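Novice: Here's a structure for you.
The values are calculated or read from the model by the stated rules, or taken from the named source; none is laboratory data. Computed from a predicted model, the values in this text were never measured in an experiment. Reconstructed Cβ throughout: ideal geometry from the backbone, glycine too, with neighbour counts over all protein chains shown.
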Amino acid sequence: MDEFSLIADADARGLAYLRGAAAQRVFPDAAALNALRRFEESFPTEGFSDAQTLALLDEIGSPATVVSNGPRYFGFVIGATLPAAAAAERLAVAWDQCASSFDGSPVAATIEKVAARWVLEALDLPRESAVGFGTSATACGLTCLATARRALLARAGWDFDNDGLSGAPEIRVVVSAAAHITVKKALRVLGFGMKRLIVAPVDEQGRIDAERLPALDARTILCLQAGEVNTGEFDPFVPLIERARAAGAWVHVDGAFGLWARASGLAALTHGVEGADSWTCDGHKWLNTPYDGAMAICRDGDAMAATMNSDAVYATASKDAQKNLMLEFSRRARGVAIWAALRTLGREGVAALVERHCRQARLLAQGLREAGYNVLNRVVLNQVLVRGDDDAQTIAIREAAQASGELWFGATVWEGRPAFRLSVSSWRTRDDDIADAIALMARLKRQ
Ligand SMILES: *Cc1c(COP(=O)(O)O)cnc(C)c1O
């Protein structure tokens, strides 16, 4: 065996896994989980062979995977991986580029620049914006919020880079009561205390109530949301952003999955979101690209480049070099798989993917209602929020569905009571899979 035969073996095993994925249990059974103990070895003094290591990874690892890269996974908003994106990712792994800047990888820098332009076109956001390709909506949100704070402080005459936060004017943050936990995490890590956040009340679908928006000023960051995790709903961007503009506040939008609605016939849901200052959006969720790939988008590209600059005497680069837009210095070319997905789908393909999932979510909601379930949201997007007759039944049905191995979806809490949530976001999900899911859920409801 030479090094290439090992890679060929890995490719063959990966292919066999993908071919078998649709028939595999969506969540591993007890035997597969128990077998994971095989990994609990002590750190070897003398290493094992590479072939043995790969074999262990496949033989014990593959059966213990969650088949979210399949048709019947409805948990969170996970998305699968499109073949075009998966294929590009494999080639890029072979390249092993350090995609910091053009000098590190001319091909990565070129492709990521094109991907950035296409992302702005697909999402119809201001074309002058900078786009950083980061690991997650969490990390990209952190980048945008750090940029927001630095920019607002600069407008107030404060030099954040040199003087830091001690003695700085306070920057207030207004967040939706339904904000995603990772937005709060980013704010917490950046040093905005949780007790100091100003919470904007939401309506029964999780949208900020514009009538009750707290006061804003030129030292406020307003965090809005495109796609609430339970309901899939959108904040009313037009009145909220109008208020923020008038006050001189910075508007950041968490659109981890929901912003893709803007690339489809459902774009009206996002009306006005283009007026914000910064946005985050994932590739690895609804665009169906591999982990981990997300976008930090900032209208004032210079502000993001100044916040995240990491030029050194031995490593200078343009202000749109990815190392000067994102946290990572050495980095994988995350934008390559996103480029491949967008190039293969085209504008029409992205729209069709999003529209299909929304249609399938409505089918699912209708089938579940007919089977006697309570659907709690309006199903404007790809999320279906559900309850049984009472809390005990809701929990029992969710556990039975998970144990079946036929599909998987997760628990949530809505208005203080247990519920569960099904999300349609895998390109592999066909209408037949939706019909099978409804049939299973109807059977569980009768039992
Ligand atoms: C998933 C999600 C996030 C976090 O995204 P990651 O890429 O997992 O960090 C943020 N906001 C919303 C609404 C999400 O659904």
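Novice: Only one of 259, 240 is under 20 Å from residue 76 (Cα atoms) and assigned to a helix (DSSP H, G or I); which?
Specialist: Details: 240 fails: under 20 Å from residue 76 (Cα atoms).
Exactly one of 259, 240 is under 20 Å from residue 76 (Cα atoms) and assigned to a helix (DSSP H, G or I), namely 259.
Novice: Which of (1) surrounded by 14 or more Cβ atoms within 10 Å (Cβ to Cβ); (2) of a type in the set (A, V, I, L, M, F, W, C); (3) under 29 Å from residue 403 (Cα atoms); (4) out of contact with any Ser or Thr (no Cβ under 8 Å at 6 or more places or on another chain) is the odd one out, the single condition residue 82 does not satisfy?
Specialist: (4) is the only condition that residue 82 fails.
Novice: Give me the residue from the range 286-306 that is away from the ligand (no atom under 16 Å from the Cβ) and crowded, with 23+ Cβ neighbours inside 10 Å and, out of that set, nearest to residue 342 (Cα to Cα). Explain how you work it out, then say what you get.
Specialist: Residues of the range 286-306 that are away from the ligand (no atom under 16 Å from the Cβ), as a first pass: 298-306.
Applying the additional criterion that residues be crowded, with 23+ Cβ neighbours inside 10 Å yields 298, 304.
Numbers: 298: 20, 304: 24 Å.
Among them, the one singled out is 298.
Novice: Which condition breaks for residue 17 when tested against (1) assigned to a helix (DSSP H, G or I); (2) surrounded by fewer than 13 Cβ atoms within 10 Å (Cβ to Cβ)?
Specialist: So the condition that residue 17 fails would be (2).
Novice: So which residues in the range 58-77 are part of a loop (DSSP other than H, G, I, E, B), of a type in the set (A, V, I, L, M) and surrounded by fewer than 21 Cβ atoms within 10 Å (Cβ to Cβ)?
Specialist: Once the filter is applied, which keeps residues that are part of a loop (DSSP other than H, G, I, E, B), of a type in the set (A, V, I, L, M) and surrounded by fewer than 21 Cβ atoms within 10 Å (Cβ to Cβ), the range 58-77 yields only 66.
Novice: Scan the range 113-127 and give yes if some residue there is over 26 Å from residue 225 (Cβ atoms) and surrounded by 15 or more Cβ atoms within 10 Å (Cβ to Cβ), otherwise no. Before you say what the answer is, go through the steps one by one.
Specialist: Within the range 113-127, the subset over 26 Å from residue 225 (Cβ atoms) is 113-114.
Still in the running and surrounded by 15 or more Cβ atoms within 10 Å (Cβ to Cβ): 113.
Looking through the range 113-127, at least one residue is over 26 Å from residue 225 (Cβ atoms) and surrounded by 15 or more Cβ atoms within 10 Å (Cβ to Cβ).
Novice: Name the strands (runs of 3 or more DSSP E) wholly inside the range 149-225 in which the number of residues that are small (Gly, Ala, Ser) is 1 or more. Spell out the reasoning first.
Specialist: Working: elements: 172-176, 198-200, 220-225.
The strands (runs of 3 or more DSSP E) meeting that bar are 172-176, 198-200.
Novice: Follow-up. Of 109, 94, which residue is of a type outside the set (D, E, K, R), part of a helix (DSSP H, G or I) and either surrounded by fewer than 22 Cβ atoms within 10 Å (Cβ to Cβ) or within 16 Å of the ligand (Cβ to nearest atom) (or both)? Break it down into steps so the answer makes sense when it comes.
Specialist: Working: 109 fails: either surrounded by fewer than 22 Cβ atoms within 10 Å (Cβ to Cβ) or within 16 Å of the ligand (Cβ to nearest atom) (or both).
Testing whether each residue is of a type outside the set (D, E, K, R), part of a helix (DSSP H, G or I) and either surrounded by fewer than 22 Cβ atoms within 10 Å (Cβ to Cβ) or within 16 Å of the ligand (Cβ to nearest atom) (or both) leaves just 94.
Novice: Could you figure out which of (1) over 30 Å from residue 316 (Cα atoms); (2) within 16 Å of the ligand (Cβ to nearest atom) isn't true of residue 84?
Specialist: If we test residue 84 against (1) over 30 Å from residue 316 (Cα atoms); (2) within 16 Å of the ligand (Cβ to nearest atom), just (2) comes out false.
Novice: Return yes or no: is residue 353 crowded, with 21+ Cβ neighbours inside 10 Å, in a loop (DSSP other than H, G, I, E, B) and modelled with pLDDT of 95 or more? Steps first, answer last, please.
Specialist: On the way: crowded, with 21+ Cβ neighbours inside 10 Å: yes; in a loop (DSSP other than H, G, I, E, B): no; modelled with pLDDT of 95 or more: yes.
So residue 353 does not fit the description; no.
Novice: Residue under question is residue 304, and the condition is that it be in contact with a Cys (Cβ under 7 Å, 6 or more places away or on another chain) and either outside any strand (DSSP E or B) or at pLDDT below 95 (or both); does it hold? Spell out how you get there, then give the answer.
Specialist: Numbers: in contact with a Cys (Cβ under 7 Å, 6 or more places away or on another chain): yes; either outside any strand (DSSP E or B) or at pLDDT below 95 (or both): yes.
Judged against the criteria, residue 304 is a match.
Novice: Scan (1) under 30 Å from residue 266 (Cα atoms); (2) within 16 Å of the ligand (Cβ to nearest atom); (3) out of contact with any Pro (no Cβ under 7 Å at 6 or more places or on another chain) for the single condition residue 146 breaks and write down its number.
Specialist: Exception for residue 146: condition (1).
Conditions tested, residue by residue: (1) at pLDDT below 95; (2) of a type in the set (A, V, I, L, M); (3) closer than 23 Å to residue 159 by Cα.
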residue	(1), (2), (3)
247	no, yes, yes
275	no, no, no
287	no, yes, no
295	no, yes, no
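Novice: Another question, if that's okay. Would you confirm whether or not the range 273-285 contains a residue that is within 12 Å of the ligand (Cβ to nearest atom) and among the hydrophobic types (A, V, I, L, M, F, W, C)? Quick ask: steps written out before the conclusion?
Specialist: Initial filter on the range 273-285 (within 12 Å of the ligand (Cβ to nearest atom)): 279-285.
Filter once more, keeping what is among the hydrophobic types (A, V, I, L, M, F, W, C): 279, 281.
The answer is yes, given that some residue of the range 273-285 is within 12 Å of the ligand (Cβ to nearest atom) and among the hydrophobic types (A, V, I, L, M, F, W, C).
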